[in-house]
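Presented below is the structure to which this report refers.
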Amino acid sequence: MYKQFFSVLLFLAISTTGFCSTYENEVPLARQSFNQDWTFKKGEIGTEANKEFDDSSWRKLNLPHDWAIEGPFDEKHDARTGGLPIFGTAWYRKNFSISEAQKGNIIKVAFDGVMNNAEVYLNGEKVGARPFGYIGFEVDLTPYIKYGKENILAVRVAPKDLSARWYPGAGIYRNVWLDIENPVHVAHWGTYITTPKVEEKSAVVAIETTIENQTTQKGKYTLKTIILDKEGQQVGVLASNFDAEKNKSSVIKQEIEISNPILWDTENPYLYTTTSIILNNNQVIDSYATSFGVRTIDYSRDKGFLLNGKPTRFKGVCMHHDLGPLGAAVNYRATQRQLEIMKSMGVNAIRTSHNPPSPEQLEICDKLGILVQVEAFDEWKAPKVENGYNTVWDEWHERDLRDMIKRDRNHPSVVMWSIGNEIKEQRHENGGELAKALVDICHDEDPTRPVSAGLSIYPQFVKNGLADAVDIIGMNYKPTQYDNLLAMDPNYIVYGSETSSVVSSRGVYHLPLENYEKHDSFQITSYDIISPPWAYPPDFETYAQETMTRSLGEFVWTGFDYLGEPTPFNGRDNETNGKWTGDWPSRSSYFGIVDLCGFPKDRFYYYQSRWTEKPMVHILPHWNWEGADQEEIPVYCYTNCDEAELFLNGKSLGKKVMGVDKTTIPADFKFWKQPEKTWDSPYRLNWNVAYEPGELKVVAYKDGKVAAEKVIVTAGAPAKLTVVPDKHVITADGSDLSFVTVRVEDKDGNFCPLASSLVTFEVEGVGTIAGVGNGNAATVESFQGNNRKAFNGLCMLIIKSVKGQTGDIKIKAKSEGLTTATVKIKTTRKLDI
Ligand code: GAL
């Protein structure tokens, strides 16, 4: 939702008197980015809020910004939060001016999220504050603006150590906007759009618009709401007159019928837009756009989740909010890429574990057709970490929860709210009561979506009434207990809010197959059989989901690796300072189906084989086992075809049929502390192959015909690099990215799966290095250098465009003894993507 560009009334003369650029746009618009030209300094002396404060020596930067990702990693820092400096006090300042002509208008700044404990000052006056880092908030600057003169906006950010169980980032890490509006205007997140009647020939769109009158006079106004289709054609319109009382908000309810609606769904995520225009004496004084979809959702115990009446199971993943090597600073393209990778695996849903996501993430889910469960909290009043949300719970939880729903309730992708993840109160006597109050808040703000919670302490959460308080019960792990739970009450509906939690490192294979244990290398085998004691290998959860048809589906923990929580290398809880020092240098999760750079681990293909139809086949491990001649190597195969045949150097090792082979794991394979689990998996094929170098090929058959194949080859010595950008053309907007994959290959172009060559990058032209990475969870190399070691043959360079500069970016990747690789990326003014 956003204030629209419109030319009728608001001619803004905004300019910055800052150090760098001035706003390009001396154009009429009501909302503009306020990300450019800030100064930043860590630490504080106490007078930074003052207008006169001299910040000329401070660092100059553009937002969004996450200072913690800049490092350095340090063993002294909490490993749960990535071993990065996510704590401390820092200040951001911005110099801007607003012309005299704006007197009489309302001047606001909207922060999409500041991590965290933000305090906002204008010209030395405190104008706002927000402790929660994941929610957006706006601050009215109007009373303190000095028109036609320099104004100083200063933001104090003070995140604390021991405040999260994963990497939260630090700083003004989401977008900031300047909103200039008429005193009578649509409120922040001021529209609520639902589709109470959806039929083939017509749909009723109900629009509730909150309009604020910040004047001291009452007046007569008109709200004109126009509905546009995807092509911008008007498909509905309604004008309603109303009286705006002085200094009050009015809520205007309208219903507009549209004919032959195109429904939003996961295959065709069709979006409409409403434009809410306020008129006074026939003059347009405000305009506000909201994108929405026409769709129905329904949940029932027996039919499951219905999207537009069609049974749809959640093939979901949980996602934390960081963007790997880029940290927590919001970036549209990086977020879009994460979701595209998930979608290519067959994902149709995400759970925004465990906090409100960036607005961009929901916008992209709307566009890609990905269903979303938006989650509010990981903690209520009872702490999980000393300085977590519990410290502000009493004062802020209702406001934060209401704001989250107001912000996100127009997204067609959002199909469920979650009031919390494994909150401690699930085993407290008052857990049910607290949950009920939160569910009531959600229903009050949005009666159209069910409310859930991710729960893990069964049956305590039933006994204390929490299960009864929520509309739908999310079970974290415990697939064997879904049936017991459902048997307790005929109204219970259940799904897997967290499943599996396998840990693995991309490209790492330890033989013989191992249990859940801490390997000296700080890496975990990628045979996809290792999960912590509370969790399960994917096959077990798949079995549960596919046999217990009454589950609505699952959200696997997690889609991407994330910074922090390096289970099982959690180290000791150091009793002297309460910090979780970890098993250094492990500093990020092993849970991801893809690694921190977005490179698929083997599990990616496991889920693709369960969740997609287009024929695919995958085998693991690699085929470079020098010195292991004739030793038995377990080879696993994931496919969505009926059967597969393995060939070693042209010789068939036999065909195996999916769904019947129960010999996947050696009989004596034991799970750490979980010997009761068995391992007959119908979801993967297994050959034990006597090793000989050469070519290992798998051919998959569907209906008796060859449908897919994959070949892996024993690679020779590393000889060259290749570079593969995911985009050859990007927009010169200062934030668009190209993700460049660097592969180490032998002289014949075979991928070297064990290579760890140090790669150095040279970048010339109109681009900069936004980050480097390799997906290794146990390294403290900086994400921000110009070099990176390959991890099992791969590393990544992330290139960012420069605002306003079009042309070429020339990239060279070099490594000693290897042939250099080069590639060119173009930046253009605007891409139609
Ligand atoms: C869950 C928790 C997640 C994550 C996961 C790891 O219990 O909800 O946040 O910690 O375990 O398996």
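Please treat every number below as a calculation from the coordinates, not as lab data. These numbers were taken from a predicted model, which means no experiment stands behind them. With ideal geometry, Cβ positions are generated from the backbone for all residues, glycine too; neighbour counts draw on all protein chains shown.
The table below gives the values:
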{"read-out": "When each of Lys224/Lys367; Lys315/Lys803; Lys42/Lys803; Lys149/Lys218; Lys42/Lys810; Lys60/Lys343 is checked by Cα-Cα distance, pairs over 29 Å", "value": "Lys315/Lys803; Lys149/Lys218; Lys42/Lys810; Lys60/Lys343"}
{"read-out": "Between the stretch 290-341 and the stretch 625-656, the Cα center-to-center distance that results, in Å", "value": "36"}
{"read-out": "Under 5 Å, built H, 5+ apart or other chain: amide partners of Ala707", "value": "Ala700, Tyr701, Lys702"}
{"read-out": "Eligible lysines near Lys710 by straight Cα distance, threshold 17 Å, same-chain separation 8 or greater", "value": "Lys601, Lys614, Lys651, Lys655, Lys656, Lys697, Lys702"}
{"read-out": "Loop-located trypsin sites (Lys or Arg not before Pro) in the stretch 568-658, at most 15 other Cβ atoms within 10 Å (DSSP)", "value": "Arg572"}
{"read-out": "Tensor-based shape of the stretch 155-249 (alpha-carbon gyration tensor, a/c under 1.5 rounded, otherwise prolate or oblate)", "value": "oblate"}
{"read-out": "Under 18 Å from the Cα of Lys424 - lysines, other chains or at least 8 residues apart", "value": "Lys381, Lys384, Lys436, Lys463, Lys478"}
{"read-out": "Qualifying chymotrypsin sites (Phe, Trp or Tyr not before Pro) in the stretch 303-391, DSSP loop, other Cβ atoms within 10 Å at most 10", "value": "none"}
{"read-out": "Alpha-carbon spread of the stretch 106-196, three principal axes, descending order, Å", "value": "48, 43, 16"}
{"read-out": "Euclidean distance between Cα centres, the stretch 107-178 to the stretch 386-441, Å", "value": "22"}
{"read-out": "Semi-axes of the equivalent ellipsoid for the chain, Cα gyration tensor, largest first, Å", "value": "45, 32, 26"}
